[in-house]
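Participant: Below you'll find the structure I mean.
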Amino acid sequence: MRGLRIRVRGQVQGVGFRPFVWQLAQRFDICGEVLNDPEGVLIHGCGAQIDAFVAAIASEAPPLARVDAVETRAHRFADAPARFEIAASRGAGAETRVTPDAATCADCLDDIRGQDPRRRSYAFTNCTHCGPRFTILRGLPYDRARTTMAGFEMCADCAREYADPADRRFHAQPVACAACGPRVWLEPSGGIAEAAQMLRDGKILAIKGLGGFHLSCDALNAEAVALLRARKRRPSKPLALMGTLEMIRRFAQLSEADAALLHDPAAPIVLVEAAKMSKGIAPGMSTLGWMLPYTPLHHLLLDAFQGPLVMTSGNLSGEPQVIGNDEAREKLAGFADGFLMHDRDIARRLDDSVERAEPPMVLRRARGRVPGTLPLPPGFDDAPQVVAYGGQMKSALCLVKNGQALLGHHLGELDEALTYDAFLQADADYAALFDHAPRVVAVDSHPDFRASRHGADRAGAEGLTLVEVQHHHAHLASCLAENGWPLDGGKVAGIILDGLGLGPDGTVWGGEVLLGDYHGYERRAWLDPAPLIGGDAANREPWRNLLARLTRGPFADETIGWLLADKPVDMLRNAVAKGINAPLSSSAGRLFDAVAALVFQDTSAQSFEGEFAMRLEAAALRAEADGAAVSFDQMAVTNGEIDTAVMMHDVAAAMVAGTTPGQIALAFHIWLAEAFAAPARALIDSGAAQAVALSGGCFQNALLLRLTLQALDGLPVLTHSVTPVNDGGLALGQAVIAAAWHLPGTVKR
């Protein structure tokens, strides 16, 4: 009997796709079978309405599914099927996507607030439309035996739901109820109600979530917040918050886009404009990071507590997030007064994703977003398998295989030994889960990055090709790849504003206009270099960058005299003159630090990366909202170098004239946007570039991004929206560059 063989590719396993197809088959009177296999979902079907059945597969797919392709061809049945069945999975391998973890769906939320004793107030309720996926997965194919639910034998009721194609829990691998599933408890004693009371009493709790532990306290209790900061030695870094949408609206100005992103199944932390909140939550900042409860446990805790909670990562400073119960008792005992525990193991740690809705931006790609894949741009069909290892900070790795790029989750800074251990685990983890056997290894060109050394060691040990990629070329390529820029799409003008990346000239780059594509690049404009006084110390102490930029002009000596009077200025200048620990850098990030130190007259050290730059952005936004503005003189560009001396003179002069810090901060943002937009526009006007691409960590600054887009008005501009603009997206750029260099007939430039 003749019918169709239907191949569905994409994120189609672990999302209720087979029961969805089964239900469609009943509706359209289709006979045959549906099954999972290494490539995705495979359907053999026949019936008079087969065309309508095929059309509905993509148009009506389940909420968590992502259908990349529905392919059909003729199929001959040996025997005419009498009905439609869900067949057993066939084959081993990992050619299809693994589904990210998803926030509790509305139906499961109704269950935990309903009357059925099996799931009323049950903290591990889930179905095929929600719940844990990647955080509980130990291996493929994705079934219960290969998850951390393997030790929980289903009761008869759960087994019946699991086996019924008409039930939304059909083959939901983590399915459980109060009779057979994981349990939650409070240490020293009690449960969720007692945990809520501890929070009301001003205590700090360690709470086991989906991808790790959080440290939590009452967000409206200033003393509790201060206690948490003191215990964690986190004096000013913003704290993430969790609340219901109604709670969030009390303290933030939510747009429709903000609300939609908060309700996304990924349930990220969303940066939203603050309306009011204790200054202890995000001192000096204009935004708050809010997320909705995304597990039944979080919903039940908020229902009991009835207020917003701080939810910050449960870890020792610099270390990865804690995921094990014993590990939490050992490492978090100095922070927490109690532990809200459960006995479902976490297979891999995943921090909360951090995003913006307007403009769309992913600052940290983690829980809920990984391991989603991106299609490679046109021209990469024959790309070899590549593994790319990213940078030193905001580490993430990337795998290329079968026309897809899998950008891994945020790991952190590899200087920390335990983070490097997590990096090595992720490398082995992704390779096993996705059956990955690379031919090419891509790394940052900085030889001292731990990720670069690891990649070089692996390439040498396994006889693989090693590709070293310049840091900012990788940023450029990551933006191109995310936007699907074709391999033969032509060159673009890349405005790359970043912290630090080793340049081929031996200096430290970070503020460039590059003309390039996947194959190569030229540096066409850059900030005039200044020494990083003290090397790495310049990243921690912004006043050092101020000293480096105050090189000439009538205000330089005067400013140094009163602002840096207690600093060893002469000794440091002598060290710079002798070339001692003072590499030259064009970093835009360090320029932000210099301006902020001057504007705020602050010579303290940063307590977290980007602190001074974030304060500068917040001040500029407040001035913009007040309608206050000043402008600086146009910049001078000589042989590609953008002169900062006049701008620094203008900042100092404005301060002497009594201009507010916010007005000066806004003027600096405008100056920087226009300084880089001008050479990029010139490359477009000359025909050398076909578009402008914006990348690098400084474009996490939403104001700078908006002002740069305004300065580029009328030009085609590519930006990041689903991969990090910071070093978290670096591995994607490395991977596509390495792939491009190893395609047939391509030439590295």
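Participant: Could you tell me the calculated FRET efficiency between residue 608 and residue 159, based on Cβ-Cβ distance and R0 = 41 angstrom, to the nearest 0.05?
Facilitator: In this case the efficiency is close to 0.25.
Participant: Go ahead and collect, in residue order, the members of segment 651-694 whose backbone nitrogen is under 15 Å from a label point 7 Å along the Cα-Cβ direction of residue 628.
Facilitator: Residues 654-668 fall inside that zone.
Participant: Can you list residues whose amide H is under 5 Å from residue 494's amide H, if they're 5+ apart or on another chain and H is modeled 1.01 Å from N?
Facilitator: 514, 515, 516, 693
Participant: Once you sort the root eigenvalues of the Cα gyration tensor of segment 567-649 as a ≥ b ≥ c, which label holds: rounded (a/c under 1.5), prolate (a/b larger than b/c) or oblate (the other case)?
Facilitator: oblate
Participant: A follow-up question, please. Below 8 Å between Cα atoms, with a sequence gap of 6+, how large is the relative contact order for segment 184-356 in percent?
Facilitator: That works out to 37 percent.
Participant: Now a separate question. Considering the chain, which cysteines have no disulfide-compatible partner, defined as another cysteine with its Cβ under 4.7 Å away?
Facilitator: So far as the 4.7 Å Cβ criterion goes, 31, 46, 108, 127, 158, 177, 217, 398, 479, 698 stand without a partner in the chain.
Participant: State whether segment 268-329 is rounded, prolate or oblate according to the following rule on the C-alpha gyration tensor (a ≥ b ≥ c being the square roots of its eigenvalues): a/c under 1.5 gives rounded; otherwise a/b larger than b/c gives prolate, and the remaining case gives oblate.
Facilitator: oblate
Participant: Taking amide hydrogens as modeled 1.01 Å from N in the peptide plane, which residues meet the under 5 Å criterion relative to residue 725, leaving out close sequence neighbours?
Facilitator: Here the answer is 362, since their amide H atoms fall under 5 Å of that of residue 725.
Participant: With 25 Å as the cut-off, how large is the P(r) tail for segment 184-356, expressed as percent of Cα-Cα pairs?
Facilitator: It works out to 25 percent of all Cα pairs.
Participant: While we're looking at this one, here's another question. Could you please rank 354, 599, placing first whichever residue has the fewest other Cβ atoms within 10 Å of its Cβ?
Facilitator: Ascending number of Cβ neighbours within 10 Å: 354, 599.
Participant: Turning to a different aspect of this structure: With the crude spin-label approximation of a point 7 Å out along Cα→Cβ, what separation in nm comes out for residue 26 versus residue 49?
Facilitator: 1.3
Participant: Quote the relative contact order of the chain in percent (integer), defining contacts as alpha-carbon pairs under 8 Å separated by 6+ residues.
Facilitator: Contact order relative to length: 12 percent.
Participant: Another one. Which lysines have a Cα lying under 29 Å from the Cα of residue 394, excluding residues fewer than 8 positions away in the same chain?
Facilitator: 208, 232, 237, 279, 331, 491, 748
Participant: Rounded to the nearest 500 deg cm²/dmol, what is the calculated helix-only ellipticity per residue at 222 nm for the chain, with -39500 (n - 2.57) per DSSP H run of length n ≥ 4?
Facilitator: Theoretical 222 nm ellipticity from helices: -10000 deg cm²/dmol.
Participant: Neighbouring Cβ atoms within 10 Å as the yardstick, rank 59, 631 fewest first.
Facilitator: Least crowded to most crowded, the residues run 59, 631.
Participant: Quick check: from the Cα gyration tensor, does segment 669-749 come out rounded (a/c under 1.5), prolate or oblate?
Facilitator: oblate
Participant: Hey, fewest Cβ within 10 Å first, where do 672, 704, 424 land in order?
Facilitator: 424, 704, 672
Participant: Where the centroid of each part is defined by its Cα atoms, how far is segment 264-301 from segment 129-190 in Å?
Facilitator: That distance is 28 Å.
Participant: Let me ask you something else. In nm², what is the average projected area of the convex hull enclosing the Cα atoms of the chain?
Facilitator: Mean orientational projected area (the chain, Cα hull): 33.9 nm².
No value in this document is a laboratory result; all are computed from the given coordinates. Keep in mind the model is a prediction, meaning the values are calculated, not measured. Here Cβ is always computed from backbone atoms with ideal geometry, including for glycine, and neighbour counts include all displayed protein chains.
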